[in-house]
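Remarks on the structure that follows.
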Amino acid sequence: LPQIRAQATSEYVPDTKFYKVEAILRPWRIPMVSAALLKMGIRGVTVSDVRGFGAQGGAAERHAGSEFSEDKFVTKVKMEIVVSKDQVDTVVDLIIKEARTGEIGDGKIFVLPVSDIIRVRTGQRGEEAERMSGGRQDMSKHGNV
Ligand code: ATP
Ligand code: GLN
C-alpha cells in the first residue's frame, strides 16, 4: 500500500496545546495499533466498542466482528488518545499505517482540540496531567527518541 501522510498540525484551528485523536477502526486491527502506540511511548488510551455506518453501509466484516447485523450498523472500535500537539501527526500516521487495508471500512480519524486535562488523583492540570510515566519524557531520558 502507498504511504499516506497526515497534514501538518501547524494549520489546526483552534490552536491548542492538546488534541484528542479519535479513531473509529476495524476491531481486529486494534492490537496492531495499540502495540505501535505503546512502542512510541503512548500510555494513555481509551477504547470503546461501538457500532456505526459509513461508506461500508452496513456490509458485514469479512474478517472478525459481527458477521451479520439486523440493522445496518457494523461493529467498530473507537480509540481515543489525548496527546500534546507535537505528537498528533506521529499518532495519526501510525494509526493509518497499522489500521489501513485499502478496503472500504478502514475507518476514520477525527482530531479535536482539548482545552484542559485534569489528573483526578493529584489535581494536576495541563502539561503535568498530560505527561505519562513511561511516556515521551521517560523514553528520551533513556535515549530512545
Ligand atoms: P494516575 O497517575 O493517577 O494513575 P493516569 O494519568 O495514569 O493517572 P489513569 O487514572 O490511569 O490515568 O487513567 C484512567 C483512564 O483514563 C485510562 O484507563 C484511560 O482510559 C484514560 N486515559 C488516561 N490518559 C489518557 C489519554 N491521554 N488519552 C486517552 N485516554 C486516557
Ligand atoms: N504526551 C504524553 C507523554 O509523552 C503521552 C500521552 C498519552 O500517552 N496519551 O508522556
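The values are calculated or read from the model by the stated rules, or taken from the named source; none is laboratory data. Everything numeric here is computed off the predicted structure, so don't read it as measured data. A quick note on method: Cβ atoms are made from the backbone with ideal geometry, for glycine too, and the neighbour counts reach across all protein chains shown.
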Checklist entry - Would a scan of the stretch 45-68 turn up a residue that is within 13 Å of ligand 1 (Cβ to nearest atom), within 14 Å of residue 109 (Cα to Cα) and modelled with pLDDT of 95 or more? => result yes
Checklist outcome for this item: Of the listed residues (72, 108), the one being farther than 28 Å from residue 11 by Cβ and either in a loop (DSSP other than H, G, I, E, B) or modelled with pLDDT of 95 or more (or both) is 72
Next on the checklist: So residue 122 ticks every box in (1) at pLDDT below 95; (2) within 10 Å of ligand 1 (Cβ to nearest atom); (3) surrounded by fewer than 16 Cβ atoms within 10 Å (Cβ to Cβ) but one. Which box is left unticked?
Outcome noted: (1)
Next on the checklist: Can you pull out every residue in the stretch 127-145 that is under 20 Å from the mean Cα position of the chain (by Cα) and modelled with pLDDT of 95 or more?
Outcome noted: 127, 129, 130, 131, 132
Checklist entry - Restricting to the stretch 115-145, what's the tally of residues that are closer than 21 Å to residue 20 by Cβ and within 11 Å of ligand 2 (Cβ to nearest atom)? => result 12
Checklist entry - Got at least one residue in the stretch 35-43 being of a type in the set (Lys, Arg), part of a helix (DSSP H, G or I), within 16 Å of ligand 2 (Cβ to nearest atom) and farther than 23 Å from residue 116 by Cα? => result yes
